[in-house]
Amino acid sequence: MTSLKAKKPEQKLVETGLRRMPARPSWPEYFMAITKLVAKRSTCLRRSVGAVLVKEKRILATGYNGAPAGLKHCEEVGCIREDASIPSGTRHELCRGLHAEQNVIIQAAFHGISIKESTLYCTNKPCVICSKMIINAGIKHIYYEEGYDDPLSDQMFAEAGLQVMRLKI
C-alpha cells in the first residue's frame, strides 16, 4: 500500500506571465476532490463516504453511502447501528444503507457501463465486503483518503494484485 500526500494549492503556484495562480491538480487530486463532493450526498448519520469510478481520465459512475433508492433514509427512520451500539467496521449486514463502493458498482451496472480495469477513488478505504466486490468487478487501482484497519481487506487486495494508494488532499 502506497501513501501520497498532495501539496496544498497555496503552495503550488504557477507563473502565467499575467498573474500567479494555483497549479492545476494532478488527475488523482482532481478525482479525489470530486469524490469528496460526492460524499456530501450521503444520507448516513454516522459517516459520509463517496466513491467515483474512472477509466482513461473519464468518470464512469459515482456513488455514496445511504439507503437503497426509493427507501426512507436513516435521518427519517433512525440508525439501526446507532440504536444497537454496533461498533464501526463490524456487523455490516445490520444497516439499511449500502456502502459508497457498492453503490458506485451498482450504478455502473444499472446503466450498462463496463468498469473492468478502472480506478476507484473513495473517501474511505474499502471494507472486506466491498473489497470482494471490487476484486470481482475487475477494478485495478484504488485511491482512498482515510481508512480504518481491515487486515483481511488488505490481504485480499494484495493477493489480487490491486494497487491501493492513500491520497490525502
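The values are calculated or read from the model by the stated rules, or taken from the named source; none is laboratory data. A quick note: this is a predicted structure, and the numbers were derived from the prediction, not measured. Methodologically, a virtual Cβ is constructed for each residue, glycine included, from the backbone with ideal geometry; neighbour enumeration extends over all protein chains shown. Ligands, DNA and RNA are excluded from the accessible area calculation, which covers all protein heavy atoms including side chains. Shrake-Rupley method; radii C 1.70, N 1.55, O 1.52, S 1.80 Å.
Solvent-accessible area assigned to carbon and sulfur over the chain amounts to 53 percent, based on a 1.4 Å probe. Near the amide H of I142, within less than 5 Å, lie the amide hydrogens of L120, Q163, V164, M165, all on another chain or at least 5 residues away, with H placed in the peptide plane. Restricting attention to region 71-115, which GluC sites (Glu not before Pro) occupy a DSSP loop and are surrounded by at most 14 other Cβ atoms within 10 Å? Qualifying residues, ordered by number: E93. Once the Cα-Cα distance is subtracted from the 0.36 nm per residue extended length, the H141 to M165 segment shows a gain of 7.8 nm.
Here the sum of -39500 (n - 2.57) over DSSP H runs of 4 or more residues, divided by the residues of the chain, equals -8500 deg cm²/dmol at 222 nm, to the nearest 500. For I59, no residue whose modelled amide H falls within less than 5 Å of its own remains once neighbours fewer than 5 places apart on the same chain are excluded. Mind checking which of M156, M21, M133 has the largest fluctuation in a GNM of the chain, springs on alpha carbons under 10 Å? Sorting by GNM fluctuation, first place goes to M21. Could you work out the local net charge near Y143, counting Lys and Arg as +1, Asp and Glu as -1, over the other residues with Cβ closer than 11 Å to its Cβ? Local net charge: +1. Summed over the residues of the chain and divided among them, the accessible surface reaches 60 Å² per residue at a probe radius of 1.4 Å.
As a rough guide to protection, the peptides 105-113, 44-52 ranked by mean Cβ packing within 10 Å, highest first, stand as 44-52, 105-113. Listed cross-link partners K36/K168; K36/K125; K55/K116; K57/K132 are compared with a 18 Å cut-off, the Cα-Cα value being larger for K57/K132.
Histogrammed with a bin width of 5 Å, the alpha carbon distances of region 27-143 distribute as 2, 12, 23, 24, 19, 11, 6, 2, 0 percent, first bin at zero.
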